[in-house]
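Asker: Got a structure for you, questions after.
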Amino acid sequence: MSIPDGNELQSSHLLHDVNDLSGIRAAIRDLVRPYGRESVIDTMLVADELAVIALGNGQLPGEVHAVISPFAAAEPQLRVEVRTGRGALPPGTAPSRESWKVLNSCTLAWGISRDGERTTFWANVRLRSEDPDEQAAEIHVLRPRRPQP
(Lines give C-alpha, C1' and ligand atoms only; values in the text may rest on other atoms or scores of the structure.)
Protein backbone atom coordinates (compact mmCIF):
# COMPACT_ATOMS: atom_id res chain seq x y z
CA MET A 1 0.00 0.00 0.00
CA SER A 2 1.32 3.42 -0.88
CA ILE A 3 0.40 6.15 1.58
CA PRO A 4 -0.39 9.52 0.00
CA ASP A 5 1.73 12.51 0.88
CA GLY A 6 1.78 16.25 0.27
CA ASN A 7 -1.32 17.68 -1.36
CA GLU A 8 -2.85 14.22 -1.66
CA LEU A 9 -3.48 14.30 2.11
CA GLN A 10 -6.39 16.73 1.92
CA SER A 11 -9.43 17.76 -0.04
CA SER A 12 -11.70 20.82 0.23
CA HIS A 13 -14.98 21.60 -1.53
CA LEU A 14 -17.82 24.09 -1.32
CA LEU A 15 -21.27 22.85 -0.30
CA HIS A 16 -24.12 24.96 -1.73
CA ASP A 17 -26.80 22.28 -2.02
CA VAL A 18 -27.40 18.57 -2.53
CA ASN A 19 -26.03 18.79 -6.10
CA ASP A 20 -22.51 19.23 -4.66
CA LEU A 21 -22.51 15.83 -2.95
CA SER A 22 -21.34 13.88 -6.02
CA GLY A 23 -18.18 16.00 -6.35
CA ILE A 24 -17.48 15.66 -2.63
CA ARG A 25 -17.91 11.87 -2.84
CA ALA A 26 -15.55 11.63 -5.81
CA ALA A 27 -12.85 13.70 -4.09
CA ILE A 28 -13.02 11.69 -0.87
CA ARG A 29 -13.03 8.41 -2.79
CA ASP A 30 -9.85 9.48 -4.60
CA LEU A 31 -8.27 10.66 -1.34
CA VAL A 32 -8.72 7.36 0.55
CA ARG A 33 -8.54 4.89 -2.35
CA PRO A 34 -4.99 3.78 -1.35
CA TYR A 35 -6.43 2.50 1.95
CA GLY A 36 -8.84 0.08 0.29
CA ARG A 37 -12.50 -0.51 -0.44
CA GLU A 38 -13.71 -0.60 3.19
CA SER A 39 -12.13 2.78 3.90
CA VAL A 40 -13.69 4.26 0.78
CA ILE A 41 -17.13 3.01 1.81
CA ASP A 42 -16.82 4.18 5.44
CA THR A 43 -15.52 7.64 4.58
CA MET A 44 -18.07 8.25 1.83
CA LEU A 45 -20.94 7.24 4.13
CA VAL A 46 -19.65 9.51 6.89
CA ALA A 47 -19.05 12.49 4.58
CA ASP A 48 -22.54 12.08 3.11
CA GLU A 49 -24.16 11.95 6.54
CA LEU A 50 -22.30 15.02 7.79
CA ALA A 51 -23.11 16.98 4.62
CA VAL A 52 -26.80 16.06 4.78
CA ILE A 53 -26.99 17.06 8.46
CA ALA A 54 -25.26 20.34 7.59
CA LEU A 55 -27.62 20.97 4.67
CA GLY A 56 -30.55 20.74 7.08
CA ASN A 57 -28.99 22.80 9.85
CA GLY A 58 -26.36 25.23 8.66
CA GLN A 59 -26.29 28.50 6.79
CA LEU A 60 -24.99 27.75 3.34
CA PRO A 61 -22.73 27.84 1.49
CA GLY A 62 -20.56 25.57 3.58
CA GLU A 63 -17.15 23.97 3.17
CA VAL A 64 -16.27 20.29 3.31
CA HIS A 65 -12.71 19.49 4.38
CA ALA A 66 -11.16 16.03 4.53
CA VAL A 67 -7.64 15.59 5.89
CA ILE A 68 -5.63 12.42 6.43
CA SER A 69 -3.85 12.47 9.77
CA PRO A 70 -0.17 13.47 9.58
CA PHE A 71 0.45 10.30 11.61
CA ALA A 72 -1.14 8.20 8.88
CA ALA A 73 1.59 5.57 8.83
CA ALA A 74 1.09 4.78 12.53
CA GLU A 75 -2.72 4.90 12.75
CA PRO A 76 -4.35 6.10 9.56
CA GLN A 77 -7.37 8.35 10.15
CA LEU A 78 -9.37 10.76 8.06
CA ARG A 79 -10.88 13.88 9.64
CA VAL A 80 -13.98 15.09 7.81
CA GLU A 81 -15.38 18.52 8.67
CA VAL A 82 -18.38 20.29 7.19
CA ARG A 83 -18.29 23.97 8.19
CA THR A 84 -21.30 26.22 7.75
CA GLY A 85 -22.37 29.64 8.90
CA ARG A 86 -23.98 29.76 12.30
CA GLY A 87 -27.65 30.66 12.43
CA ALA A 88 -29.25 32.59 15.28
CA LEU A 89 -30.80 29.37 16.59
CA PRO A 90 -29.09 26.05 17.41
CA PRO A 91 -29.39 23.29 14.78
CA GLY A 92 -33.08 22.48 14.43
CA THR A 93 -32.90 19.03 12.92
CA ALA A 94 -31.34 16.32 15.03
CA PRO A 95 -29.45 13.62 13.14
CA SER A 96 -31.82 10.83 12.14
CA ARG A 97 -31.62 7.35 13.63
CA GLU A 98 -29.93 6.19 10.41
CA SER A 99 -27.36 8.99 10.67
CA TRP A 100 -26.60 8.01 14.27
CA LYS A 101 -26.10 4.38 13.19
CA VAL A 102 -23.75 5.29 10.34
CA LEU A 103 -21.73 7.77 12.39
CA ASN A 104 -21.47 5.48 15.43
CA SER A 105 -20.52 2.46 13.29
CA CYS A 106 -18.02 4.03 10.91
CA THR A 107 -16.20 6.59 13.06
CA LEU A 108 -13.79 6.74 15.95
CA ALA A 109 -15.53 9.94 17.12
CA TRP A 110 -17.96 12.54 15.73
CA GLY A 111 -19.79 15.64 16.83
CA ILE A 112 -21.16 19.09 16.18
CA SER A 113 -19.42 22.19 17.52
CA ARG A 114 -20.40 25.83 17.38
CA ASP A 115 -18.05 28.74 17.79
CA GLY A 116 -18.32 32.36 16.76
CA GLU A 117 -19.88 32.52 13.34
CA ARG A 118 -19.42 28.85 12.42
CA THR A 119 -21.01 25.47 13.03
CA THR A 120 -18.75 22.48 12.35
CA PHE A 121 -20.05 18.95 11.79
CA TRP A 122 -17.03 16.65 12.17
CA ALA A 123 -15.93 13.01 12.34
CA ASN A 124 -12.72 10.97 12.56
CA VAL A 125 -12.73 7.80 10.47
CA ARG A 126 -10.19 4.98 10.83
CA LEU A 127 -8.60 4.08 7.51
CA ARG A 128 -8.15 0.34 7.24
CA SER A 129 -5.34 -1.42 5.48
CA GLU A 130 -6.09 -3.99 2.83
CA ASP A 131 -2.97 -5.97 3.63
CA PRO A 132 -3.64 -9.60 2.60
CA ASP A 133 -1.20 -10.80 5.28
CA GLU A 134 -3.05 -8.90 8.00
CA GLN A 135 -4.69 -11.27 10.45
CA ALA A 136 -8.23 -10.80 11.66
CA ALA A 137 -8.64 -9.91 15.30
CA GLU A 138 -9.15 -12.78 17.70
CA ILE A 139 -12.68 -13.08 18.99
CA HIS A 140 -13.29 -14.26 22.52
CA VAL A 141 -16.76 -15.14 23.73
CA LEU A 142 -17.14 -15.08 27.47
CA ARG A 143 -19.93 -17.14 28.91
CA PRO A 144 -21.90 -15.60 31.75
CA ARG A 145 -20.99 -16.95 35.15
CA ARG A 146 -23.60 -18.79 37.07
CA PRO A 147 -24.22 -17.42 40.53
CA GLN A 148 -22.64 -19.45 43.30
CA PRO A 149 -25.23 -21.05 45.62
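The values are calculated or read from the model by the stated rules, or taken from the named source; none is laboratory data. Nothing here was measured: the structure is a model prediction, and the numbers come from that model. To get the accessible areas, we keep the full protein, side chains included, count just its heavy atoms, and leave off ligands, DNA and RNA. Shrake-Rupley method; radii C 1.70, N 1.55, O 1.52, S 1.80 Å.
Asker: Can you list residues whose amide H is under 5 Å from G36's amide H, if they're 5+ apart or on another chain and H is modeled 1.01 Å from N?
Answerer: Those lying under 5 Å, H to H, from G36: there are none.
Asker: Quick one: ranking S22, S99 by accessible area, 1.4 Å probe, largest first, what do you get?
Answerer: Values: S22 75, S99 10 Å².
Highest to lowest solvent-accessible surface, that is S22, S99.
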